[in-house]
Amino acid sequence: NTDDILDILANYGVKATFFVVGKEGEWAEEMYMRIVDEGHTLGLHSYSHVYEDIYASRDAYAADLLKLQDYVYALTGVKSTYIRFPGGSSNRVSRTDMQDLIKYLDEEDMTYYDWNISSKDAEGQLSAAQIVDNALEGIEKSDTIIILFHDAASKHSTVEALPLLIEKIQAMENT
């Protein structure tokens, strides 16, 4: 859905951060470049997204992350230092102390981001209206919001929700 999402963002003049995983092939390479060329931020999620592998140890996490960083850099020329942990920084699946991984990122001059609002689009087949409602819930409680969405082939409702959500946010007084 990346092409559709980028088209929608361009239509509304909105920039986003894409925390990417290690996808290979011509289509993926084109998407990484399009993200960069259109002025969005290219962040790092994980190369494999296999929790039990990447969270097995600090070294395993670092190897997976650096593989993605090197891969994206080779394709785009962008050496991203923006990270989103798979499952977030407070996940309960890591066998490694998350504070140790955060310390590692600090040592490497990398910055991690969590979300403060979830669209909950990863929690099954939600309608576009449900995704919009989830994303708007609590939006007034913070000056800075980071809304979590997922760009996956099965997430058509996310694509449908995006224009509706953008229009609602842009209509708010403080945006």
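The values are calculated or read from the model by the stated rules, or taken from the named source; none is laboratory data. A quick note: this is a predicted structure, and the numbers were derived from the prediction, not measured. Using ideal geometry, Cβ is built from the backbone for each residue, glycine included, and neighbour counts are taken over all protein chains shown. For accessibility, only protein heavy atoms count, side chains too; no ligands or nucleic acids. Shrake-Rupley method; radii C 1.70, N 1.55, O 1.52, S 1.80 Å.
The GluC sites (Glu not before Pro) of segment 2-36 that DSSP puts in a loop, and whose beta carbon has at most 15 other beta carbons within 10 Å, are GLU24. With 27 Å as the limit on Cα-Cα distance, the pairs of LYS103/LYS168; LYS23/LYS79; LYS141/LYS168; LYS120/LYS141 that go past it are LYS103/LYS168.
In this Cβ point-charge picture (+1 for Lys and Arg, -1 for Asp and Glu), segment 19-175 has a dipole of about 240 debye about its Cα centre.
When GLU173, GLU160 are compared by accessible surface with a 1.4 Å probe, the order from highest to lowest is GLU173, GLU160.
Solvent-accessible area per residue in segment 134-175 equals 65 Å², computed with a 1.4 angstrom probe and all protein chains kept.
Which percent of the accessible area of the chain is formed by carbon and sulfur heavy atoms (probe 1.4 angstrom)? After summing per-atom areas, the C and S share lands at 48 percent.
Using the 1.4 Å probe convention, the accessible area of segment 1-116 works out to 52 Å² per residue with neighbouring protein chains retained.
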